[in-house]
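First up is the structure itself, then whatever we jot down about it.
Please treat every number below as a calculation from the coordinates, not as lab data. This one's a predicted model, so the numbers in the text were calculated from it and none came from an experiment. Here the Cβ positions follow ideal geometry from the backbone for every residue, glycine too, while neighbour counts run over all protein chains shown.
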Amino acid sequence: MSDTLLLILDLAGIAVFASTGALVGVRKELDVFGVAVLAMITGLGGGVLRDLLIGAVPPAALEDWRYLVVPFLTSLVVFAFHPTFGRREREIMLLDALGLSLFCVTGAAIAEEAGLNVLSASALGMLTGIGGGMMRDVASGRVPVVFRGELYATPAFAGALIASVVHHQDWSQWWYVLAGAVCLVWRVVALQRGWSAPLPPGTTHV
Amino acid sequence: MSDTLLLILDLAGIAVFASTGALVGVRKELDVFGVAVLAMITGLGGGVLRDLLIGAVPPAALEDWRYLVVPFLTSLVVFAFHPTFGRREREIMLLDALGLSLFCVTGAAIAEEAGLNVLSASALGMLTGIGGGMMRDVASGRVPVVFRGELYATPAFAGALIASVVHHQDWSQWWYVLAGAVCLVWRVVALQRGWSAPLPPGTTHV
Amino acid sequence: MSDTLLLILDLAGIAVFASTGALVGVRKELDVFGVAVLAMITGLGGGVLRDLLIGAVPPAALEDWRYLVVPFLTSLVVFAFHPTFGRREREIMLLDALGLSLFCVTGAAIAEEAGLNVLSASALGMLTGIGGGMMRDVASGRVPVVFRGELYATPAFAGALIASVVHHQDWSQWWYVLAGAVCLVWRVVALQRGWSAPLPPGTTHV
């Protein structure tokens, strides 16, 4: 993957995650700056956590000004036109699934590059994908969506695992597309069919 | 700024932030050790986060024992005399604004020193100022004050931005005083006049 | 202490902490993957935080695959047989106290090894012991147990302080057993007698 393409995809993923953070902020009736801070935490949190854990400091989000400007501008647009975005939640969920797919793959590849074993790189790739949303939910006082009855972390782990193996075996980079597709399709089908992972024995699905 | 003066100002800011953490703990009826832990998280959280993000490990708070002793003793004093502190909330808000001003300026300068660009250094300066309070609120189950309708993060960003430019342009250190004053005055006037940043279109101020 | 023994004790402590995280997840009716993520955060959070703060990256939990597999398998077992574990909460509290004792001692020794002063190493040892549980509670929307009226952080700090002094003075490693025993006995007696640290003046014990 060329560096330019990777940067564009990365910024697109950040923008999508940031818009979900901004929507949560708008619904909590935060002011414009609270919305911006929550959007930036959501868009950048997963990648910053990954960079901290592999010792890549300062994290990419602080090295390149575009990583700060993109989620900030996104939050302003969502803030100004939130009724439009609010009505398109379905489309945002699909874009969020795309962001998740992208981040779990790039996160796993970057972790592999840093010398982690396949299992750790998969875990870190998953964390890159789900970390920003977890921070968004904890900071705004919601139970993290990753803990609720929706398949979210499992597809991210699956995509990250494939990407880690691809990197470890030095296979063609085209296989990364497969890794992302597995995560994306799994997540989207789960969303549309209302799939969820098994609940504890004795608990009934709501 | 001489190192001794900087250390004294830093410890004063930590003590003030710690006292706000201790007051929240007392109101939640935590025991003395819970109050101490919450006070230390509040006083040291922003600076530790900043140090982690620029790779300055172990963070200053763990290198110098005074950084641990000051917020601990502060928490004990607040714990013992909390009715007195509780009545002086107005004064504590002013001191908190002073701590915010100090941390956003020193945080931005330290981030610039570590080689970040002006925008990233401003963001990190702001994070140094607001980080401890965010951790305090998340850990004690409150919506972070920075997300509520009070101008808090904006003055911190403004002060950090000026400080970053001052450091970047290598201007006289006296300009740092201006950076801090902008943050302080903005915050204090916003508090006194009940200013708040714009809410989402369609939301009414409470 | 031999490295093998240390690894076994470390993994045992992780498994115990992970089981407390899994039980919280089961009670919140999370699905199997949510339970696993919460269990891993609880088991590994304290050690990862310690490693980040002393700059030991990637943290041990990402260097050795066993650190990921142990809490994951633990969470599956608790998930499948949660009524059994739920009934044995008393035993789990005792095991949790054992995990706390172990982590505060190893955390302090590792921090000393990294060159921290005695006070900082004690604080970091305590944080290693209480960090995972704090993350578990914050992520699942509970007030952290360390803030409630139970002696939890104090015994951890005491054990870590003794361990730091032992390491600093280069005393026989047998003294580490004493450090752990102090934390363990203190915590267990506090649990059984319902001890708690002093509440703020004017507050009545519930």
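Note on the stretch C:149-206: Rg/Rh from Cα positions, Kirkwood definition for Rh, rounded to two decimals, is 1.14. Summarised in one figure, the compactness ratio Rg/Rh of the stretch C:43-117, Cα atoms and Kirkwood Rh, is 1.06.
Taking 8 Å as the Cα distance limit and 6 or more residues as the minimum spacing, I'd like the relative contact order of chain C as a percentage.
On the way: 317 pairs, mean separation 44.8, N = 206.
It rounds to 22 percent for chain C.
Partner shielding of B:191-199 amounts to 3, given as the average count of beta-carbon atoms from other chains within 10 Å of each residue beta-carbon.
Rg(Cα) of the protein assembly as shown divided by 2.2 N^0.38 Å?
Working: Rg = 23.6 Å, N = 618, 2.2 N^0.38 = 25.3 Å.
Working it through for the protein assembly as shown, the quotient is 0.93.
Which loop-located trypsin sites (Lys or Arg not before Pro) does the stretch C:43-135 contain, where loop means any DSSP state but H, G, I, E or B and the Cβ has at most 16 other Cβ atoms within 10 Å? Write out the running numbers ahead of the final one.
On the way: sites: C:Arg50, C:Arg66, C:Arg87, C:Arg88, C:Arg90; in loops: C:Arg88.
Answer in residue order: C:Arg88.
Entry for the stretch A:74-135 at q = 0.12, 0.14, 0.20, 0.27 Å⁻¹: log10 I(q)/I(0) = -0.41, -0.51, -0.77, -1.03, Debye formula applied to identical alpha-carbon scatterers, no solvent contribution. For chymotrypsin sites (Phe, Trp or Tyr not before Pro), the sites in the stretch A:35-131 that DSSP calls loop and that have at most 13 other Cβ atoms within 10 Å are A:Phe81. Our note on the geometry: Cα centres of the stretch C:70-111 and the stretch B:94-134, 39 Å apart. Scattering from the stretch A:1-81 was approximated by placing one identical point on each alpha carbon and applying the Debye formula without solvent; log10 I(q)/I(0) at 0.18 1/Å stands at -0.70. Counting, for every residue in B:53-64, the Cβ atoms of other protein chains within 10 Å of its Cβ and taking the mean gives 6.
Which whole number gives the average count of other chain Cβ atoms within 10 Å of the Cβ atoms across peptide C:4-14?
Details: counts 0, 0, 0, 0, 0, 0, 0, 0, 0, 0, 0.
That average works out to 0.
Along each principal axis, taking the top coordinate minus the bottom one, the Cα set of the stretch B:105-206 gives 44, 30, 23 Å in descending order. Using R0 = 30 Å, the C-beta based FRET efficiency linking C:Thr84 and C:Leu178 works out to 0.30. Diagonalising the gyration tensor over the Cα atoms of the stretch C:3-193 and scaling each eigenvalue by 5 before taking the square root yields semi-axes of 26, 18, 14 Å, largest first.
Dipole magnitude for the stretch A:3-193: about 720 debye, using +1 per Lys or Arg Cβ and -1 per Asp or Glu Cβ, origin at the Cα centre.
Kyte-Doolittle mean at least 1.6 and Cα extent at least 15 Å along the axis: which DSSP H helices of chain A qualify?
Details: long enough: A:3-27 (36 Å, 1.58); A:32-53 (31 Å, 1.72); A:66-80 (21 Å, 1.78); A:89-113 (35 Å, 0.89); A:118-139 (31 Å, 1.05); A:153-168 (22 Å, 1.16); A:175-193 (27 Å, 1.28).
Once both thresholds are applied, what remains is A:32-53, A:66-80.
Largest GNM mean-square fluctuation across B:Ser122, B:Ser140, B:Ser75, computed for chain B with C-alpha springs under 10 Å, falls on B:Ser140. Packing around the peptides B:179-186, A:158-165, taken as the average count of other Cβ atoms within 10 Å per residue, puts them in this order, highest first: A:158-165, B:179-186. Each Lys and Arg adds +1 at its Cβ and each Asp and Glu adds -1 at its Cβ; summed about the Cα centre, the stretch C:130-206 shows a dipole of about 240 debye.
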